[in-house]
Amino acid sequence: MSKSKDITPHNVDADGNLAHDLGGFADRLTMFGIDRTIKIEDSPMKPYEERADAIMMLLSSPKLGIMNIHAMRRASEQFVHKEYLELSYYDRWLKGMASLCIEKGLFSQKEWDARIETLQIGAEKMLAQNVKTSVDKDE
């Protein structure tokens with residue numbers, strides 16, 4: 001099991017395990033409601049997953065040197081269990097990359113929060129418009 005120098009009460013369970021410490025422990029996987037079946041076929045990537053992959057490649061390029069696999073692992077170890085389990089694989093990547101970009105000073109937490117709020121407002125407006133259009137078509 002992975003132990004970290006950054007162990008704090010918010011990201012460690014009662015047994016002293018970090019949020020990402022699940023693999024190989026069937027009882028822990030079951031305890032958290034994780035499907036233990038192995039899927040042989042690959043699912044096609046969603047557009048945002050492809051973008052997350054591209055962002056990761058860009059930020060981890062040796063020329064930029066903004067992050068590496070070790071930094072990404074450290075970022076993923078900071079998640080609390082509930083958050084780690086609720087996020088998809090690429091959502092964890094995105095959250096980790098954002099955290100590392102803030103840490104490196106590429107943008108501030110305030111700038112990140114403002115951008116997220118703007119995107120959420122835009123998404124809510126689009127959803128409301130789609131619902132209105134859908135209702136209009138049904139009438």
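A few remarks follow.
- Picking from residues in segment 90-112 that are part of a helix (DSSP H, G or I) and of a type in the set (Ser, Thr, Tyr), the one that is surrounded by the most Cβ atoms within 10 Å (Cβ to Cβ) is SER99.
- The residues of segment 49-72 that are touching a residue at least 40 places away in the same chain (Cβ under 8 Å) and either closer than 14 Å to GLU103 by Cβ or outside any helix (DSSP H, G or I) (or both), listed by number, are LEU59, ILE66.
- Condition met for GLY24 (at pLDDT 90 or above and loosely packed, with under 10 Cβ neighbours inside 10 Å): no
The values are calculated or read from the model by the stated rules, or taken from the named source; none is laboratory data. Computed from a predicted structure; not experimentally measured. Positions of Cβ are generated from backbone atoms using ideal geometry, with glycine treated the same way; all protein chains shown enter the neighbour counts.
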